[in-house]
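The values are calculated or read from the model by the stated rules, or taken from the named source; none is laboratory data. As the structure is a computational prediction, the values presented were derived from the model and not from experiment. Glycine also receives a Cβ, built like all others from the backbone with ideal geometry; neighbour counts cover every protein chain displayed.
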Amino acid sequence: MLLKRLLLLSSFVSFNVFSSGYIHSLGSGGEIEKYQILGNAGLVVWMKDNHPSNPDNCSAKNKVYIKSTMPQYKDMLGLIMSAHAQGKKVGFWSSGCSTNYFWGGSVSFPEIRDVWIAN
């Protein structure tokens, strides 16, 4: 019984350790195809290629979601718009999967916590 509990506990711990992470390795990034501002719900960014990494196994393979409730949302929005206008690559770090009203909960997106310009 104790062994079963330890195995169960270790599976939760290992899941949580790998439940967030880099979509692009630090310093690298991908090209933005387009972006969609969802009223007061946030921003969906379409990438030209599938993500090189999907640490949370979200269903969207080439889109990410930045919630408008993020404290740095306006800064991230400005960075995405500027990078897209200049043809710069961006990289992301995700912290789980999330849905939004526009997609009706049918698609889970990597929820972005950090973003950077890669070139």
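Pairs linking a residue in the range 54-71 that is farther than 20 Å from K34 by Cβ to a residue that is small (G, A, S) and buried (at least 19 other Cβ atoms within 10 Å of the Cβ), with Cβ atoms under 7 Å and 6 or more positions apart or on different chains, are P55/S94; D56/S94.
Here is a yes/no grid of residues against (1) more than 12 Å from the chain's Cα centre (by Cα); (2) not hydroxyl-bearing (S, T, Y):
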| residue | (1), (2) |
| --- | --- |
| D75 | yes, yes |
| I80 | yes, yes |
| A83 | yes, yes |
| Q86 | yes, yes |
| G91 | no, yes |
| S98 | no, no |
| G104 | yes, yes |
| E111 | no, yes |
| W116 | yes, yes |
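What do you reckon, is I80 surrounded by 13 or more Cβ atoms within 10 Å (Cβ to Cβ), under 18 Å from Y22 (Cα atoms), aliphatic (A, V, I, L, M) and touching a helix residue (DSSP H, G or I) at 6+ places or on another chain (Cβ under 6 Å)? Let's see the steps before the verdict.
Details: surrounded by 13 or more Cβ atoms within 10 Å (Cβ to Cβ): yes; under 18 Å from Y22 (Cα atoms): yes; aliphatic (A, V, I, L, M): yes; touching a helix residue (DSSP H, G or I) at 6+ places or on another chain (Cβ under 6 Å): no.
So I80 fails the test.
Could you check, for the range 61-77, whether at least one of its residues is assigned to a loop (DSSP other than H, G, I, E, B), modelled with pLDDT of 95 or more and within 14 Å of H24 (Cβ to Cβ)? Yes, there is a match, as at least one residue in the range 61-77 is assigned to a loop (DSSP other than H, G, I, E, B), modelled with pLDDT of 95 or more and within 14 Å of H24 (Cβ to Cβ).
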